[in-house]
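See structure below.
The values are calculated or read from the model by the stated rules, or taken from the named source; none is laboratory data. Bear in mind that the values here come from a model prediction, so they are computed numbers and not experimental data. Note that we place each Cβ from the backbone using ideal geometry, even for glycine, and neighbour counts take in every protein chain shown. The protein model used for the area step is the full one, side chains on, heavy atoms only, and it has no ligands, DNA or RNA in it. Shrake-Rupley method; radii C 1.70, N 1.55, O 1.52, S 1.80 Å.
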Amino acid sequence: MGIFSVFSKKKKEKLDESLEKTKSNVFSKISRAVAGKSKVDDEVLDDLEEILVTSDVGVSTTLKIIERIEQRVARDKYLGTAELNQILKEEIAALLAENDKGELLGFDFPKRETPYVIMVVGVNGVGKTTTIGKLAYQFKEAGKSVVLGASDTFRAAAVDQLTIWAERVGVPVVTQGMGADPASVAYDTLQSAVANHTDVVIVDTAGRLHNKVNLMKELTKIKNVMQKVIPDAPHEILLILDASTGQNAIEQAKQFTAATEVNALALTKLDGTAKGGVAIGISDQFKVPVKYIGIGEGKEDLQLFDKFEFVDSLFNK
Amino acid sequence: MFESLSEKLERSFKVLKGHGHITEINVAETLKEVRKALLDADVSYKIAKQFTEQVKQDALGQNVLTAVSPGQLMIKIVHDNLAELMGGEHEEINLKGTPAVILIAGLQGSGKTTFSAKLARFLKSKKGKQPMLVAGDVYRPAAINQLQVLGEQIGVEVYTEEGSKDPVKIAKNSIKYARDKGYNVVIVDTAGRLAVDEEMMNEISSIKEHISPHETLFVVDAMTGQDAVNTAKAFHDRLDYDGVVLTKLDGDTRGGAALTIRSVVTKPIKFVGIGEKMEALDVFYPKRMADRILGMGDIVSLVEKAQEQFDEEAARKLQKKIAKNQFNFNDFLTQIKQIKKMGNVKDLMSMIPGMGKALKNMDIDDDAFKEIEAIIYSMTPEERENPKVLNGSRRRRIAKGSGSEIQEVNRLIKQFEETRKMMRMMTTGGGKNMARMMQRMKGARPR
C-alpha cells in the first residue's frame, strides 16, 4: 500500500504538471469572467461558453453544460460566482460518469487462458506507434509478457520505428517488412503469442483517414484474420486520438467505431495543448471510454485515464 | 471535403428565403447558424465572432435586388468575407538563392516528413529544380529512415549524418554539401515539437539562425482544433515563418484551421496536402478554397489537373485509332491510368460544382478501377488488341483469372463496345449521327 500510494502520488503530480497549461487557462479565464461579480448571470454564462468552446469541449457539449448550470441557477434561485468552480466541476464529472463502463483491463490483470489482444487504429500522425511503445512498457512493468505486431507495412519506415521501440522497451516484435500484407503480419503475431503463452499482444496498423472506405475495410479484414487464431480477438480495439484535434476527433471516433467496433480510446499529446477539454467533449458525445492518455515523449508518459482525477487536475489549485 | 460546413451554411440560408431584404431581425438566426457552423468547423472562437460581426455589417442595409434572393446575397457576402479572411492572391515560395534553403517546422505528427518529400518531388518535376532533402529529425525513432525511403521513391538524395544528435550542425553541413554537389534547393526536415517545449523551440530558432533559410514553412494538420491559433502564433513568434502548409485535407475535416491561421498570423497558406501519395500536394488558392467551402466547386483546379496530365501527342494518336475503330483494351487501360494519375477519383469529382454533396456518402476511392483493371490484365495481348476474339470460353477463363464473375466480364466487354461506338461517333459523326448517339446513350445501362 505504501509503495502504491507513493507511485500514485507521483503519477498525479505528472498529470497535474502536464495539464498545467489547460488548468491555468481554464482557471484564469473563469476567474476573469467572474471578477467583480457576485452572482452568475447571462454575461458570466456567455463568458463560460467562450471558455469551454475555446478549450475544444465542442459546441453541443458546451451548450449541455451551460444548460445544466442554468437549470441549477433557476432551481437554487441564486448562484454565487464563488460556487461556480465547484458546480462546474460537479457537472463535468457527472457528464463523464454517465458513460463510465469501466470493463476494460488495466495493466495489471489476472492471468488469462489466451493472450489479451489489442489492435491499435487511428488517422495519420496521432501517435499510434509511440503509444504502442509506451503501452508495451507499462504492461512489461506490470510483469506481463508482451509481443508487438508490425502491421503498419505502408508508411515509410514504420516497421523500423516500431522495432526501435521494441528494442527500447525490451519486448519482441513480429515483422514481415514493408509492403507485406498487414493481416498476415497480425496472424503471425497472434500465432507466435499463442505458442509462447504471451500475455499481451499489441498490433500496430497504418494510419488511415476515416473517410477512406477501402482502408477502413482493411481493418475489418485484419480483425477477421486475427479471429482465426484467437476466436474472440481482438479484445481491445484502441482508437488513438490526437488531443490537439478539434471537433473532427468525434467524427473519427464515430467512423472508426462503425468500421471496427472500437471499445477504448487513447488521447495523445495532452501535454502540449491547452485544450484538454476535448476529453470532456469526447466522453460526452461518444459512448466509448477514454482509457489511456499520453502526456509526454518518454516511454513512461502514458497513464490509465481516471476521469475524476482528470477533473480534479483541471480544477484544483 | 468541406461538405459539412457548406451544408450547414446552406441550411442556415434557407431561413432567409422568402424575405425581401436583410434586416437585423431576419439575419440574426442565420448569423447564429453561421457562427455555430464555424465553431463546429474548429474556426477559432474569436475569429468566428469577428467574422459573423463583419458579415452582419456588410449584410445590413443591403437592398436585395430583385434578381437575387436574400439567401444568395448572403452567400456572396459570406463568400467574399471568407476569401478575404484567407488572404488575397496565391503566393509562391521563395527559391532565390544558391542553393535556396527551405526549413520545415511543426508539431509532432503534422506530416512534416511526408510534406518535405512531396515538396522535393514538386520542385523537381514542376519547377525543374535539383532538390536535396536533409534528415534533421534525430529524435523520433526511424524518422531518418522514413525520409530516406521517400527520397528513394522520388529519386532525390537525402543528406544524413549517422549517429549525429545535433540537428543544427547537420543542417549547416548539409548546405555546404549541397553547394559542392550542385543542388539548387535544400529542404531541411526537422523533428516535431510542441510550442510549449522551450528547449525544442530554442533548437529550431538556432537552426534557423545558422542556416538563414530563404523560406521557412510551418506544417499544420488541417484537423487541428481551437489550439491552432496558439500553436501557429507560438511558432510564428519564434520563427517568423513565411508560409503555412495545411496537411491531411483529404480527410473530412471542415478545416476551420485554414480560416483562422491566416487571419491570426498574416502569413499565407502556400500548400495543401491531399493524400498519402507523393503527388498528392496542391498549391493553395484562397479564393478557390472559399468557393469550395460554400460548395461552389473548384472547376479551375480540375481543369488544371487535367491539363497537367494531358499528352497532346498521345491524344492525337488515340483520336486516329478511334476514327478507324481500332480503340482497344490497351487504350482503355491507358485512359484509366490517366484518370488515376490526376488523383483520387472522389477528390476530382468533388471539384465539380454540386457534386460535393452528392458524393458525401458514396463509396468511391482509388480502387474504383481495380476490378476493371484486373479483368483487362487477365486478357492475353491478342485479346486486348482485338476484343472480337473474346468468345465464351475465353471470357470464362478471364473471369477465373481475375477473380470476378463471368457477368462482370460480359458487362465490361459490353460497356467497352458501347464506349467505342460512342467515341467513334463523337469523332467522326456530324449532326446526323448525334440523334442516334443520344438514343444509344439512353439505351446504355448504367452500372
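Miscellaneous remarks
- Top-ranked residue in the stretch A:220-262 [being of a type in the set (S, T, N, Q) and buried (at least 23 other Cβ atoms within 10 Å of the Cβ); ranked as farthest from the other protein chains (Cβ to nearest Cβ)]: A:Gln252
- Sole exception among (1) within 13 Å of another protein chain (Cβ to nearest Cβ); (2) in contact with a strand residue (DSSP E or B) (Cβ under 9 Å, 6 or more places away or on another chain); (3) not in a helix (DSSP H, G or I) for B:Tyr183, by number: (1)
- Lone qualifier among A:Val174, A:Val201, A:Val147 - being open to solvent by 10 Å² or more (accessible area, probe 1.4 Å), away from chain B (no Cβ under 14 Å) and among the β-branched types (Val, Ile, Thr): A:Val174
- Consider the stretch A:204-219 and keep the residues that are within 11 Å of another protein chain (Cβ to nearest Cβ) and of a type in the set (A, V, I, L, M, F, W, C). The one that is nearest to B:Val229 (Cα to Cα) is A:Leu209.
- Qualifying residue in the stretch A:156-169 (condition: among the polar types (S, T, N, Q), assigned to a loop (DSSP other than H, G, I, E, B) and either modelled with pLDDT under 95 or open to solvent by 10 Å² or more (accessible area, probe 1.4 Å) (or both)): no
- A:Ile66 closer than 17 Å to A:Lys307 by Cα and either open to solvent by less than 20 Å² (accessible area, probe 1.4 Å) or within 14 Å of another protein chain (Cβ to nearest Cβ) (or both): no
- Condition check for B:Leu95 on (1) crowded, with 16+ Cβ neighbours inside 10 Å; (2) not in a loop (DSSP other than H, G, I, E, B); (3) not assigned by TED's automatic domain parsing to the domain that holds B:Ser205: one failure, at (2).
- Every residue from the stretch B:141-171 that is basic (Lys, Arg) and modelled with pLDDT under 95: B:Lys165
- Conditions (1) of a type outside the set (A, V, I, L, M); (2) open to solvent by 10 Å² or more (accessible area, probe 1.4 Å); (3) within 30 Å of A:Gln255 (Cα to Cα); number of the one not met by B:Glu198: (3)
- When the stretch B:186-213 is limited to residues that are more than 14 Å from every other protein chain (Cβ to nearest Cβ) and under 28 Å from the mean Cα position of the chain (by Cα), the one that is nearest to B:Ala234 (Cα to Cα) turns out to be B:Thr190.
- Filter pass, B:Ala28 being surrounded by fewer than 23 Cβ atoms within 10 Å (Cβ to Cβ) and either out of contact with any strand residue (DSSP E or B) (no Cβ under 6 Å at 6 or more places or on another chain) or at pLDDT below 85 (or both): yes
- Residue count for the stretch B:173-191, restricted to those that are open to solvent by 10 Å² or more (accessible area, probe 1.4 Å) and either of a type outside the set (Gly, Ala, Ser) or in contact with a helix residue (DSSP H, G or I) (Cβ under 9 Å, 6 or more places away or on another chain) (or both): 9
- Among residues of the stretch B:206-227 being in contact with a strand residue (DSSP E or B) (Cβ under 7 Å, 6 or more places away or on another chain) and assigned to a helix (DSSP H, G or I), the one that is surrounded by the fewest Cβ atoms within 10 Å (Cβ to Cβ) is B:Ile211.
- Which listed residue is polar (S, T, N, Q) and loosely packed, with under 14 Cβ neighbours inside 10 Å, from B:Gln148, B:Gln153: B:Gln153
- Across the stretch B:31-58, the qualifying residues are those that are within 14 Å of chain A (Cβ to nearest Cβ) and surrounded by fewer than 17 Cβ atoms within 10 Å (Cβ to Cβ), and the one among them that is farthest from the chain's Cα centre (by Cα) is B:Lys32.
- Those residues of the stretch A:170-217 which are assigned to a loop (DSSP other than H, G, I, E, B), touching a strand residue (DSSP E or B) at 6+ places or on another chain (Cβ under 6 Å) and either within 17 Å of A:Gly125 (Cα to Cα) or in contact (Cβ under 8 Å) with a residue 60 or more places away in the chain (or both), in sequence order: A:Thr198
- Output for the stretch B:380-414, where each listed residue is open to solvent by less than 50 Å² (accessible area, probe 1.4 Å), part of a helix (DSSP H, G or I) and within 18 Å of B:Phe327 (Cβ to Cβ): B:Glu383, B:Arg384, B:Pro387, B:Val389, B:Leu412, B:Ile413
- Residues in the stretch A:108-115 include none that are β-branched (Val, Ile, Thr) and at pLDDT 95 or above.
- Subset of the stretch B:232-254 [in a helix (DSSP H, G or I) and open to solvent by less than 10 Å² (accessible area, probe 1.4 Å)]: B:Ala232, B:Phe235, B:Leu239
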